[in-house]
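Report on the following structure.
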Amino acid sequence: MPTKVYTRKDTSEVSCCLKYIIFSFNVLFWIFGLGILVVGIWAWLEKDTFNNLSQLTHIALDPAFILILGGTLTFVIGFTGCVGALRENTCLLATYAIFLALILLFEMTAGTLGFIFKDWIKNQATGGFQTFIVHYREDPDQQNLIDWIQEDWLQCCGIEGPKDWDKNNYFNCSSHDVGSREACGVPFSCCRRKPNELIKNKQCGYDVRKPGYFADGWTNLTPAQMQEPNIFERGCLRAGEEWMEANMITVTSVVMAFAIVQILGICFAQNLRADIFAQKAKWH
């Protein structure tokens with residue numbers, strides 16, 4: 001009677017757990033990048049940037065362009081990681097690992113240079129914010145960004161203070177001669193929100209830098225109300241420095257967590273590539 005020969009089935013060298021961890025994470029990354037990219041392109045279309053190339057003068061400071069750039073990079077990284085893991089493609093996985101390594105290197109370099117050249121970074125931030133002020137009424141995205149910074153994030157006004165809004169043609173005090181109602185004023189985002197105020201008065205910043213405004217406009221207020229100005233007097237540069245000092249631990253923790261995720265992504269991709277090469281070696 002012939003005897004049955006039992007053979008053990010070869011097990012795959014590729015870890016399914018590792019493969020689908022990389023795949024699942026990068027599917028989310030891919031979708032997130034696509035969403036950012038779509039929002040950025042939509043913002044450019046709304047501003048008709050593609051038909052008005054003169055708006056590209058300050059493209060590096062355009063929030064829509066930053067969204068497009070960030071969305072494209074995130075989309076490409078997510079694509080290489082997702083498809084590379086699913087198809088067990090070593091070239092795409094290598095590209096994914098290289099992207100993460102370059103971003104990690106850039107972050108480390110930027111952090112080091114930012115610590116060494118703090119004054120230069122401060123000057124660049126001042127110049128960028130000044131450009132936002134000058135072009136405040138020309139780009140709705142920049143306008144919304146500076147309003148968010150002044151009103152919601154830092155509760156500040158201007159670079160060094162409200163007087164910086166004199167750099168804008170609409171808010172310059174001399175613009176009163178050409179009929180600008182906003183002359184010698186500041187944007188509404190510089191105004192302090194009043195208690196129980198549901199809808200903010202968009203004209204609250206009118207004339208606040210006009211000589212004698214407080215003497216003429218506050219005659220009906222109580223002494224307690226007159227002690228607190230109705231606009232933020234602190235500049236955004238100082239407010240930003242104070243925010244960084246107060247939230248240094250949180251910011252550092254977030255940066256470190258992001259760096260750890262990138263390092264894990266590189267290690268996982270390289271381990272999966274090693275498994276794929278080991279499986280191919282068995283086939284040959």
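The values are calculated or read from the model by the stated rules, or taken from the named source; none is laboratory data. Source: prediction; values computed, not measured. Ligands, DNA and RNA are excluded from the accessible area calculation, which covers all protein heavy atoms including side chains. Shrake-Rupley method; radii C 1.70, N 1.55, O 1.52, S 1.80 Å.
Over region 108-219, average the accessible area per residue using a 1.4 Å probe and give it in Å², no decimals.
60
Express in whole angstrom the spacing between the alpha-carbon centres of region 165-202 and region 14-32.
Between the Cα centre of region 165-202 and that of region 14-32, the gap is 50 Å.
Please list the non-local residues whose amide H lies under 5 Å from the amide H of ILE231, H modeled 1.01 Å from N, same-chain partners needing a gap of 5 or more.
Amide H to amide H, under 5 Å and 5 or more residues apart or across chains, ILE231 pairs with ARG192.
Quick one: how many lysine pairs does region 117-205 have with C-alpha atoms less than 30 Å apart and a gap of 8 or more or different chains? Give me the count, please.
The result is 11.
In region 72-135, what is the volume of the convex hull around the alpha carbon atoms, normalised per residue and reported in Å³?
So the per-residue hull volume is 83 Å³.
Which ³J(HN,Hα) values, rounded to whole Hz and listed in residue order, are derived for region 131-143 from phi using the Karplus coefficients 6.51, -1.76 and 1.60 in 6.51 cos²θ - 1.76 cosθ + 1.60 with θ = phi - 60°, glycine and proline given as x?
Result, ordered by residue: 5, 4, 5, 4, 9, 4, 8, 9, 10, x, 5, 5, 5 Hz.
Given the Cα atoms of region 90-170, and with Rh set as the inverse mean 1/r over their pairs in the Kirkwood sense, what is Rg to Rh to two decimals?
1.18
Which percent of the accessible area of region 92-186 is formed by carbon and sulfur heavy atoms (probe 1.4 angstrom)?
C and S fraction of accessible area: 62 percent.
Using θ = phi - 60° and the Karplus form 6.51 cos²θ - 1.76 cosθ + 1.60, what ³J(HN,Hα) does each residue of region 161-173 get, whole Hz, x for Gly and Pro?
Rounded to whole hertz, the list is x, x, 4, 5, 6, 5, 6, 8, 4, 6, 9, 5, 4.
³J(HN,Hα) across region 62-75 via Karplus (A = 6.51, B = -1.76, C = 1.60, θ = phi - 60°), whole Hz, x for Gly/Pro?
7, x, 5, 5, 4, 5, 5, 5, x, x, 5, 4, 5, 4
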